[in-house]
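Coordinate-derived values only; no laboratory data. On a predicted model such as this, the values are computed, not experimentally measured, just so you know. Here the Cβ is made from the backbone with ideal geometry for all residues, glycine too, and neighbour counts use every protein chain on show.
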Amino acid sequence: MVRDVGLAEDLAQDALIIALERWPQTGIPDNPGAWLMTTAKRRAIDHMRRLKLRDRKYEELGWEIERQHEPDWDEALDDPVGDDLLRLIFTTCHPILSTDARVALTLRLLGGLTTEEIASAFLVPEPTIAQRIVRAKRSLAAANVPFELPPQAELAERLSSVLEVIYLMFNEGYSASSGASWIRPMLCSEALRLGRILAEIAPYEPEVHGLVALMEIQSSRFRARVGPSGEPILLLDQNRSLWDHLLIRRGLAAIQRAERLGKTFGNYLLQASIAACHARARTASETDWVKISALYDALSQVAPSPVVELNRAVALSMAFGPEVGLEVIDSLMQEPSLKNYHLLPSVRGDFLMKLGRKNEAHFEFQQAAKLAGNEKERELLLKRAVECDV
């Protein structure tokens with residue numbers, strides 16, 4: 001409404017502060033969302049008065065308040081998205097910004113991620129992400145970009161950025177980069193909800209179905225993924241009877257839906273196919289690691305990255321032996337983007353442990369624990385280091 005990302009953030013935070021001050025005395029209103037929106041709009045009107053902006057803007061916002069948030073049915077009929085949050089994600093993924101800037105800004109404003117968590121997702125220093133977000137806001141303001149949903153014909157060019165936002169939201173929920181909990185199920189649930197809506201909006205895009213399939217299958221493991229005290233339980237150690245087989249079936253169906261489109265497998269569909277290999281194995285020993293290795297080979301061609309190589313090393317070690325995986329890992333040791341990535345020494349320690357090189361494994365697990373931002377994951381790594389001494 002105010003056509004300014006930074007100002008909208010300030011107004012929203014003002015409304016939240018007012019709520020924190022008033023609600024303990026007055027009680028939570030029947031419709032908290034409407035209360036917050038009305039309060040923010042009134043702050044916007046006050047701001048416009050102070051800056052003597054055009055009367056048209058003032059009247060427009062005042063009229064919005066008087067409407068008491070009644071749905072605009074004509075607008076709803078013309079809305080190709082149909083979900084408030086997804087609509088905003090499409091809006092912030094503006095083509096005037098670079099892909100990285102779009103994703104970083106959207107994750108910060110709408111994805112529920114902190115700047116530190118976004119930096120962890122991109123494997124770059126936190127100040128880099130902070131600067132990227134600030135520059136993105138300035139670029140939108142300088143170009144006087146209308147902060148509104150683009151015409152339906154322009155949604156397709158923003159789709160890949162929207163998919164990346166949803167994917168990174170889910171990843172942070174699936175393996176929290178910081179804090180005292182290893183998983184954040186609500187964040188995953190929201191990402192999955194957005195993905196399901198997107199699959200109905202873009203039914204002929206295989207990568208949308210691939211991402212939904214990946215999230216469905218990964219979500220199926222939540223009950224088996226943590227122990228009674230919230231401690232991480234790794235994939236091969238999980239009780240597979242606790243997996244949610246309804247979510248697995250939904251994920252496999254989404255893969256089939258994508259396959260029927262007859263297009264080349266992309267990043268998300270390949271990752272979903274890897275997850276499906278795990279989902280189809282009744283026990284860890286039945287996992288088809290040779291097929292998973294082949295899928296990682298394909299993924300490294302479609303979406304090459306150091307993290308993909310790290311995961312490929314794990315698959316190769318399971319299929320052909322830890323010495324094969326260690327060879328790939330050693331080639332990544334000088335990769336700058338993995339310098340502070342805790343999973344690199346963690347995986348290397350696992351390979352060394354299997355090869356009987358316990359002293360070296362102990363060192364790697366200690367290094368991984370120092371780099372880990374999540375408390376539960378750090379505890380697991382320290383436990384593994386102690387096991388090397390037994």
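Which of Thr38, Thr115, Thr106 moves the most in a Gaussian network model of the chain with Cα springs under 10 Å?
Residue with maximal mean-square fluctuation among Thr38, Thr115, Thr106: Thr38.
For Val226, list long-range residues whose amide hydrogen, built 1.01 Å from N in the peptide plane, is under 5 Å from its own amide hydrogen.
Amide H to amide H, under 5 Å and 5 or more residues apart or across chains, Val226 pairs with Ile233.
Arrange the following residues from fewest to most other Cβ atoms within 10 Å of their Cβ: Cys277, Cys93.
Result, fewest neighbours first: Cys277, Cys93.
Please report the net charge: other residues with Cβ closer than 10 Å to the Cβ of Leu242, K and R +1, D and E -1.
+3
Would you work out the charge dipole size for the chain about its Cα centre, treating the Cβ of every Lys and Arg as +1 and the Cβ of every Asp and Glu as -1, and quote it to the nearest 20 debye?
Its charge dipole is roughly 420 debye.
Out of residues 5 or more away from Gly179 or on other chains, whose amide H comes under 5 Å of its own, with H placed 1.01 Å from N in the peptide plane?
Placed amide hydrogens put Glu375 under 5 Å from Gly179.
Report, to the nearest 10°, how far helix 306-320 tilts away from the longest principal axis of the Cα atoms in the chain, using its own Cα long axis and a range of 0 to 90°.
Roughly 30 degrees between the two axes.
For segment 265-270, just list the computed ³J(HN,Hα) in residue order, Karplus coefficients 6.51, -1.76 and 1.60, θ = phi - 60°, integers in Hz, with x standing in for Gly and Pro.
Once rounded to whole Hz, the list reads 5, x, 3, 6, 5, 5.
Across the Cα atoms of the chain, what radius of gyration and what greatest pairwise Cα-Cα distance (Dmax) are found, in Å?
Considering the chain through its Cα atoms, Rg and Dmax are 23.5, 76 Å.
Lys and Arg at +1, Asp and Glu at -1: add these up for the other residues within a Cβ distance under 10 Å of Leu163 and post the number.
-2
Where does segment 237-323 land on the Kirkwood hydrodynamic radius, alpha-carbon pairs, in angstrom?
13.9 Å is the Kirkwood radius here.
Along segment 131-137, what does the Karplus equation 6.51 cos²θ - 1.76 cosθ + 1.60 (θ = phi - 60°) give for ³J(HN,Hα), rounded to whole Hz, x for Gly and Pro?
Rounded to whole hertz, the list is 5, 4, 5, 4, 5, 5, 4.
Residue-wise, which Karplus ³J(HN,Hα) couplings in Hz belong to segment 365-370, taking 6.51 cos²θ - 1.76 cosθ + 1.60, θ = phi - 60°, and x for glycine or proline?
5, 5, 5, 4, 4, 5
Sum up the charges of everything whose Cβ sits under 15 Å from the Cβ of Phe363, counting Lys and Arg as +1 and Asp and Glu as -1, but leave Phe363 out.
-1
Give the share of C-alpha pairs in each 10 angstrom bin for segment 313-390, from 0 to the last occupied bin, in whole percents, shortest bins first.
Pair shares across the bins are 22, 51, 27, 0.
Using only Cα atoms, find the angle between the long axis of helix 99-109 and the longest principal axis of the chain, and express it within 0 to 90 degrees, rounded to the nearest 10.
70 degrees
Report, to the nearest 10°, how far helix 343-354 tilts away from the longest principal axis of the Cα atoms in the chain, using its own Cα long axis and a range of 0 to 90°.
20 degrees
What does the convex hull of the Cα atoms of segment 165-322 come to per residue, in Å³, rounded to a whole number?
117 Å³
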